[in-house]
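*Asks:* Quick one: the structure is below, and I'll ask about it shortly.
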Amino acid sequence: MKPYELTLRESRDFAAAEGFDALRSSLLERIETLNPKLNALVRFKREDWTGSPRLASPAGGELAGVPIAIKDNICVKGLETACASKILKGHVPPYDAAVIEKLKGAGAVVFGQCNMDEFAFGSSCETSAFGPVRNPWDLERVPGGSSGGSAAAVAAGLVPAALGSDTGGSIRQPAAFCGVVGLKPTYGRVSRYGLIAFGSSFDQIGPITKNVEDAALLMKFLAGHDARDSTSAPEEVPDYTKSLRRDVKGLRIGLPEEYFGAGLDPEVEKSVREAADVYRRLGAEIKTIKLPHTPYAVAVYYIVAVAEASSNLGRFDGVRFGSRIAADSLKEMYEKTREEGFGAEAKRRILLGTFVLSAGYYDAYYRQGQKVRTLIRQDFQKAWESVDVLLSPTAPTPAFKIGEKLSDPLAMYLSDIMTIPANLAGVPALSLPCGFTRSGLPLGLQLMGRPFDEETLIRAAYTLEQEIGITGRKPPL
Ligand code: GLN
């Protein structure tokens, strides 16, 4: 095994035994060979990350010497953090996001920053100002989005693990498309301090890793209360690695019938149903259940999330952050900066969001959207009375072709249909590789759980992963 093929835990052990330099050179070589094809990392210059003082003493923390790539919307002190947008070009945060503080505190090394859809708006990584990311399993296909750079980087072995963010599926859908593990924690579980906001009532940071064990290892450091994020929860953080055991006897698993309807690719459906059979064989109880308001989820999300996005993006005006286009008057400077700085999808969302919040339309759209969001939350609350986890596909299809949906925003939005509900309800959800199409594209299933019960997701995912043994398969690069 080459060092770049190692998982996060193995990388840590390797760095402790052989020293970080051996790991670093193997990864750098891999990045230099493959990143020009994949465009998964946007910053990976040697000088960006050589300076971690903790590397001198690998014994210094539980993640000592573990290289982690960071999505370009999570602030890293002293490194440009641009959300893959022209408007944030040159924005160098003077502070670390809470998750970066914690990872660095445990000895991990920020090892490159990941490409993404501009401001995390998208499901394909085609809206990035840095150009599209390619799927390591098929370079003609998208890696998913918006954390597609993170998922592609992990799948291709450029880094053992990465951080993503998930507002409507951005960790899970790219994880599924690239054949890796992605966990969106419960809303409030991980501090959003230092995450450049998209939809503040949805956003969560989470791990993208090669296997379930690594996700559990990272969660230990990501989770926890932080007074600087008022929505961060005081819940105690369990030791997630204790959930790494094969044990689903008596676990009640619900298959939401709305997730298995029209538009679902037959190969996706088959692999998820086979996973359900495996769970049944291992002693879990499989039931079909109803989440009746699911058909409204995409519409509600694209009202409420864009409303939040439009107000969050108001701060990018050329005055405080990033780039500025000079002009004769202040108003003209704002206009030119925003006109030049935002890409087409960001503009679409700013317009949509401003529209649904505007006087006269607020009641018809935004308020109505919030009401239906409550109904969707209640669907989940009701489900937890009879099941412990929900099992579904992560996305209705495998990775689609670059360009296939770019000119049809509605088709793109519909690809989020299975991931959006967990964000609307705030529940944790995990995507696990569960098979391959005949043409060799990875497929993912989704496990959703009760609020703050990431442990059951990790246990159920670990059990299946060990049983079907397909994680860790490498793309033919
Ligand atoms: N694809 C969804 C969107 O475009 C979700 C993005 C995300 O989770 N950041 O909004």
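*Asks:* Taking the conditions exactly as written (surrounded by fewer than 21 Cβ atoms within 10 Å (Cβ to Cβ), at pLDDT 95 or above and within 16 Å of the ligand (Cβ to nearest atom)), does GLY353 satisfy them or not?
*Replies:* Against the criterion (surrounded by fewer than 21 Cβ atoms within 10 Å (Cβ to Cβ), at pLDDT 95 or above and within 16 Å of the ligand (Cβ to nearest atom)), GLY353 does not qualify.
*Asks:* Could you check how many residues of segment 261-286 are over 23 Å from the mean Cα position of the chain (by Cα) and at pLDDT 95 or above?
*Replies:* Total satisfying the criteria: 16.
*Asks:* If you don't mind, there's one more thing I want to ask. Looking at ALA383, ALA425, ALA399, which one is within 16 Å of the ligand (Cβ to nearest atom), under 21 Å from ILE253 (Cβ atoms) and modelled with pLDDT of 95 or more? Write out each step before concluding.
*Replies:* On the way: ALA383 fails: within 16 Å of the ligand (Cβ to nearest atom); ALA399 fails: under 21 Å from ILE253 (Cβ atoms).
After applying the criteria, what remains is ALA425.
*Asks:* Regarding LYS474, is this residue part of a loop (DSSP other than H, G, I, E, B), under 22 Å from PHE202 (Cβ atoms), in contact (Cβ under 8 Å) with a residue 60 or more places away in the chain and not β-branched (Val, Ile, Thr)?
*Replies:* Considered against the rule, which asks whether it is part of a loop (DSSP other than H, G, I, E, B), under 22 Å from PHE202 (Cβ atoms), in contact (Cβ under 8 Å) with a residue 60 or more places away in the chain and not β-branched (Val, Ile, Thr), LYS474 comes out as no.
*Asks:* So which of ALA197, ALA227 is within 13 Å of the ligand (Cβ to nearest atom) and at pLDDT 95 or above? Give the steps one after another, and end with the answer.
*Replies:* On the way: ALA227 fails: within 13 Å of the ligand (Cβ to nearest atom).
One residue alone meets the criteria, ALA197.
*Asks:* A further question follows. Answer yes or no: is there a residue in segment 108-122 that is out of contact with any Leu (no Cβ under 9 Å at 6 or more places or on another chain), more than 14 Å from the ligand (Cβ to nearest atom) and either touching a residue at least 24 places away in the same chain (Cβ under 8 Å) or outside any loop (DSSP other than H, G, I, E, B) (or both).
*Replies:* Checking segment 108-122: not a single residue is out of contact with any Leu (no Cβ under 9 Å at 6 or more places or on another chain), more than 14 Å from the ligand (Cβ to nearest atom) and either touching a residue at least 24 places away in the same chain (Cβ under 8 Å) or outside any loop (DSSP other than H, G, I, E, B) (or both).
*Asks:* Further question: How many residues, within segment 127-158, are within 13 Å of the ligand (Cβ to nearest atom), farther than 23 Å from ARG348 by Cβ and in a loop (DSSP other than H, G, I, E, B)?
*Replies:* 0
*Asks:* Is it the case, given these coordinates, that THR456 is of a type in the set (Val, Ile, Thr), outside any loop (DSSP other than H, G, I, E, B) and surrounded by fewer than 21 Cβ atoms within 10 Å (Cβ to Cβ)?
*Replies:* When the stated conditions are applied, THR456 passes them.
*Asks:* Tell me which residues, restricted to segment 178-188, are in contact with a Phe, Trp or Tyr (Cβ under 8 Å, 6 or more places away or on another chain), within 16 Å of the ligand (Cβ to nearest atom) and not β-branched (Val, Ile, Thr).
*Replies:* Scanning segment 178-188 gives CYS178, TYR187.
*Asks:* Could you check how many residues of segment 109-131 are over 17 Å from PHE44 (Cα atoms) and surrounded by fewer than 24 Cβ atoms within 10 Å (Cβ to Cβ)?
*Replies:* Final tally of qualifying residues: 1.
*Asks:* Do we find a residue being assigned to a helix (DSSP H, G or I), within 16 Å of the ligand (Cβ to nearest atom), of a type outside the set (Asp, Glu) and under 23 Å from THR419 (Cα atoms) anywhere in segment 313-326?
*Replies:* No; the residues of segment 313-326 include none that is assigned to a helix (DSSP H, G or I), within 16 Å of the ligand (Cβ to nearest atom), of a type outside the set (Asp, Glu) and under 23 Å from THR419 (Cα atoms).
*Asks:* Collect the residues in segment 436-464 that are within 19 Å of ALA395 (Cβ to Cβ) and charged (D, E, K, R), keeping them in residue-number order.
*Replies:* ARG438
*Asks:* Please specify each residue of segment 237-292 satisfying the condition of being among the β-branched types (Val, Ile, Thr), assigned to a loop (DSSP other than H, G, I, E, B) and surrounded by 19 or more Cβ atoms within 10 Å (Cβ to Cβ).
*Replies:* Once the filter is applied, which keeps residues that are among the β-branched types (Val, Ile, Thr), assigned to a loop (DSSP other than H, G, I, E, B) and surrounded by 19 or more Cβ atoms within 10 Å (Cβ to Cβ), segment 237-292 yields only VAL248.
*Asks:* Let me ask another. Test THR209 against the criterion of being within 29 Å of LEU6 (Cβ to Cβ), β-branched (Val, Ile, Thr) and either away from the ligand (no atom under 16 Å from the Cβ) or out of contact with any Leu (no Cβ under 7 Å at 6 or more places or on another chain) (or both), and give yes or no.
*Replies:* For THR209, the condition - within 29 Å of LEU6 (Cβ to Cβ), β-branched (Val, Ile, Thr) and either away from the ligand (no atom under 16 Å from the Cβ) or out of contact with any Leu (no Cβ under 7 Å at 6 or more places or on another chain) (or both) - is met.
*Asks:* Pairs under 7 Å by beta carbon, first residue within 15 Å of ILE303 (Cβ to Cβ) and part of a loop (DSSP other than H, G, I, E, B) in segment 411-433, partner of a type in the set (D, E, K, R) and near the ligand (Cβ under 7 Å from one of its atoms), six or more apart or different chains?
*Replies:* Pairs that qualify, where the first residue is within 15 Å of ILE303 (Cβ to Cβ) and part of a loop (DSSP other than H, G, I, E, B) and the partner is of a type in the set (D, E, K, R) and near the ligand (Cβ under 7 Å from one of its atoms): there are none.
*Asks:* Quick check on this structure: which one of PRO143, PRO136 is crowded, with 24+ Cβ neighbours inside 10 Å, modelled with pLDDT of 95 or more, within 14 Å of the chain's Cα centre (by Cα) and not hydrophobic (A, V, I, L, M, F, W, C)?
*Replies:* Going through PRO143, PRO136 in turn, just one is crowded, with 24+ Cβ neighbours inside 10 Å, modelled with pLDDT of 95 or more, within 14 Å of the chain's Cα centre (by Cα) and not hydrophobic (A, V, I, L, M, F, W, C): PRO143.
*Asks:* Among residues belonging to segment 320-346 that are without any contact (Cβ under 8 Å) to a residue 24 or more places away in the chain and touching a helix residue (DSSP H, G or I) at 6+ places or on another chain (Cβ under 8 Å), point out the one that is surrounded by the most Cβ atoms within 10 Å (Cβ to Cβ).
*Replies:* Looking at residues that are without any contact (Cβ under 8 Å) to a residue 24 or more places away in the chain and touching a helix residue (DSSP H, G or I) at 6+ places or on another chain (Cβ under 8 Å), I get ARG324.
The values are calculated or read from the model by the stated rules, or taken from the named source; none is laboratory data. Since we're looking at a predicted model, the values are computed, not measured. So basically every Cβ, Gly included, is an ideal-geometry build from the backbone, and we count neighbours across all protein chains shown.
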